[in-house]
Amino acid sequence: MRKTMFVYSLLFTGCLSVVWPSGQSFAAEHSVKVTLPTFQVQLNGHHVENQNREYPLLVYNDITYFPMTWYDARLLGLETVWTQQKGLSVTKGKVTSSYRPYATNHTNPTVGRATIPDYAMTINGVAVDNSKEEYPLLSFQDIIYFPLTWHFAHDEFGWDYAWNDAKGLSITSKNPQLETVNLPASAGQNDVAVFKGYYYFVKTEGETNRVYRVPVEDPSKEELVYAYELGTSYGKNESLTFQIRDQELWFSYHRGGATMGSDAYCLVHEDGKATLEQEGYLDFKRLPNGTLYIQQGVPPGGGNLRALLPGTKYLDGQQVGDDRHIYGWHITANDSGTSYKGDRSTTVIGDDVYVMSSSLPVDSKEVNQIHRIHLKTNESVKIVSEAVSQFKIINKRLFYVKDVDHSLYAAHMDGKNEQKLSDNQVADWFDEVDGTVYYTAANASGQRHVYRAEPSGEDELVVADPVESVQLVNGKIIAKLAADEAYGLKIWDHTGQLYTAIADQISDVFAYEDEIILTTAEDKKIQIMK
C-alpha cells in the first residue's frame, strides 16, 4: 500500500508557485525537509531538468510537489491569485502557457528546507486548512508548492498521470497547449504563417530575403517558395507580412523609399511557389474574371478604379466608375487642410463593387460616401451619403462607422433600414459572428477594449484588458493584448465565452481556420496552439 500511495501521490502532486510580496512573514510557519526527485518528471510532455532548475519539483513525505510559478501553473491550466486579505486562491481556469525551463547555472542541492504556511487558502473556491492537511502546501524560495495527490490533481484539476519505472512521472493537463515549432532561430525575427499543412517563414541571408515552407508533420524538409533582393539604397527593410486573401495565402513586402518605393504582393500557389502579382501603392480585389485595381499612389487622383484582365497592366485596364470621383481613400477636409488615407474596405460581390467614394475636386460635403458600381453597366449608385471611416459587408448586410459620431451602423445592401449598433465610439475594429456584433472602443487614456453590441441594453465590455489588435478567424475572436499586460493573448468563442488566455507575451500572431501560430516576444520562439 505504501508503494501504491507513493505512486499515486507522486503522479498527482500539484505544485503551485506563487511569488509572495517581499517582507511577508507567517509566524506559525515551521520548516520541513524536502528533497529533489530521484526520477524523471514530464509536464505535458516537457522534460523537467530539476538539477539546474530555479524552481525544481520537490518531494516531501514521499509525495511530489509542483512549483506554482506564473508559467508552470498556467501550463497545467491553473490560475493563482494572492491578496493580503484573502490569501491564496487556486482555480482550474481557461489558461495556458509555453513551457519555461527556469534554467540556472548552478546545481541544486539534493536536500533543502521548505516551510508550511498557515494563511487562508481556497482550491476551486473551497477553503483548505493547511495545518490539517496530511500533505500541506509548502513555500520554497518564495514560491508556493502544491502536493500532487489524487484529490487535488485528479479530482480538482482534472489532470491525467502515468508512472513508469524507466520514464518516471508524467503529468498531462487538458487545457489547450502551446507546442514549439522547430523552425530556424531566425524565423521568429519576421512574420510566420501556417496554411494548409505547411509552416511559412523567412530567412534573411545577406542582401536576400528567402521565403521557405516546411510540412507541419516534418519541419526539417525546407522548400524554397520565393526570393528577392532587399536593396539598401533606402535602408535594409527585411520585413515581410503574410495574409489570407480570398482563402489564398499571400505575402507582401516593401522596397525603396516612402515616395519612390513600392509595395509588392505575392501569391503562394498550391505547388508551394510564389509569384509577384501586384506592385505599387494600391489595393486590389479579385473579380469574376480578373482583378479590380484601386490606385492609391500620391497625390490621389480621379478615375483610380480599374478592372484588369489576367496579364494586363493598369493603364490597359477598363476604368470603373467616374473619373470625377476618388475611390478607395478616406479624406479629411477642414479649415486645417486636406489629408488622405488609403482605405481597404472595397468589396466585390458578383458584378457589384462597393467602394468608398469622394468628389473631385474635393468637397467636404461629398467625401467618404459608399457607392455601388455595377461592373457590366458602370452604373454608380450612392447607397450611404454620410461620410464613413470604414465599412464591411458581412452576411449580406452593410456595416459602417460614421465620421460624424464614430458609431457603428448597419443597413441593407442598398443602404436602407439603417440601424445604430454601438453605444461607444468604434476605435478601429468590428465584426459579426453568428448575429452578434463585436467592436473595439477606446477609453479616455486611449486604451482599446472589446465590446459586444447589445440591441436591447447597454453594450457589454467583453475584454477588460487593453488590446493591441483583434481578428475574427473561423468563429473565434483573437485579441493580442497590449504589451506588459498579465496575459499576451486571449481567445473567445463565437458566443463571447473565453476559450483560453495565453500567459506569454506575444509579438506576432497568425491564424487560419483552427490553427493559431504565435511568436513569443521574449525569446522569439514559434509556438503552435494544440
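None of the figures in this text is laboratory data; all of them are computed from the coordinates on show. Bear in mind that the values here come from a model prediction, so they are computed numbers and not experimental data. Positions of Cβ are generated from backbone atoms using ideal geometry, with glycine treated the same way; all protein chains shown enter the neighbour counts.
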Positive dipole terminus of the chain, leading residue within Tyr212, Thr275, Ile383 (C-beta point charges) | Tyr212
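Subtract the Cα-Cα distance of Lys221 and Val126 from 0.36 nm times their separation in residues, and report this length gain in nm to one decimal.
Going from the current span to full extension adds 29.1 nm.
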From the phi of every residue in region 139-144, what ³J(HN,Hα) in whole Hz does the Karplus formula 6.51 cos²θ - 1.76 cosθ + 1.60 yield, where θ is phi - 60° and glycine or proline is x?
-> 10, 9, 6, 6, 10, 7
Might you report the magnitude of the Cβ-based charge dipole of region 254-305 about its Cα centre, with Lys and Arg at +1 and Asp and Glu at -1, to the nearest 20 debye?
-> 100 debye
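So between Thr275 and Tyr314, what do we pick up on full extension, going 0.36 nm a residue minus the alpha carbon distance? Please report the intermediate quantities before stating the final value.
Values: separation 39, 0.36 × 39 = 14.04 nm, distance 1.78 nm.
Between Thr275 and Tyr314, full extension yields an extra 12.3 nm.
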For the pair Thr180 and Tyr228, what calculated FRET efficiency results from E = 1/(1 + (r/R0)^6), where r is the Cβ-Cβ distance and R0 = 35 Å, to the nearest 0.05?
-> 0.75
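Ordered by packing density, taken as the mean number of other Cβ atoms within 10 Å over each peptide's residues, highest first, how do 516-529, 207-220 rank?
516-529, 207-220
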What distance in nm separates the simple spin-label points at Lys86 and Thr35, each placed 7 Å from Cα in the Cβ direction?
-> 3.9 nm
Other-chain or far-sequence residues with amide H under 5 Å of Gln390's (modelled H) = Val401
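Once you order the gyration tensor axes a ≥ b ≥ c over the Cα atoms, which shape class does region 421-530 get: rounded for a/c under 1.5, otherwise prolate or oblate by comparing a/b with b/c? Don't skip to the end; give the middle numbers.
Values: a/c = 2.41, a/b = 1.47, b/c = 1.64.
Oblate, since a/c reaches 1.5 and b/c is not below a/b.
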Nearest 10 degrees, 0 to 90: what angle lies between the long axis of helix 2-11 and the longest principal axis of the chain (Cα atoms)?
-> 20 degrees
Which labelled figure in [x] 145; [y] 194; [z] 180 is volume of the Cα convex hull per residue in Å³, once derived from the coordinates = [y]
Could you please state, rounded to a whole Å, how far the C-alpha centre of region 431-471 is from the C-alpha centre of region 473-530?
-> 17 Å
Long-range HN-HN contacts of Arg245 with modeled amide H, under 5 Å = Trp250
Expressed in nanometres to one decimal, the distance between label points 7 Å along Cα→Cβ at Asp323 and Ile244 is 4.1 nm
Where the centre of each part is set by its Cα atoms, how far does region 124-158 sit from region 272-349, in angstrom?
-> 62 Å
In debye, nearest 20, what is the charge dipole magnitude of region 441-495 about its Cα centre with +1 on Lys and Arg Cβ and -1 on Asp and Glu Cβ, if you could check?
-> 220 debye
Listed here are the pairs Lys341/Lys396; Lys236/Lys524; Lys86/Lys132; Lys33/Lys167; Lys33/Lys92; Lys196/Lys313; which of them are more than 24 Å apart at the Cα?
-> Lys341/Lys396; Lys33/Lys167; Lys33/Lys92; Lys196/Lys313
Would you list Leu461, Leu43 from fewest to most Cβ contacts within 10 Å?
-> Leu461, Leu43
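Charges at C-beta only: +1 for Lys and Arg, -1 for Asp and Glu. How large is the resulting dipole of region 238-370 about its Cα centre, in Debye rounded to 20?
Values: 11 positive and 18 negative charges, 30 e Å.
Dipole size: approximately 140 debye.
Any chance you could run the full-extension gain for Ile349 through Val381? It's 0.36 nm times the residue separation minus the Cα-Cα distance, nm to one decimal.
Values: separation 32, 0.36 × 32 = 11.52 nm, distance 1.49 nm.
Residue separation times 0.36 nm, minus the Cα-Cα distance, leaves 10.0 nm.
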For Leu421, other-chain or 5+-apart residues with amide H closer than 5 Å (H placed, Pro excluded) are Leu408, Tyr409, Ala410
Rounded to the nearest 5, the percent of DSSP beta bridges in the chain running antiparallel is 95 percent
So for the chain, taking the charge dipole from beta-carbon charges (+1 Lys/Arg, -1 Asp/Glu), which of Gly496, Tyr145, Asn395 sits furthest toward the positive end?
-> Tyr145
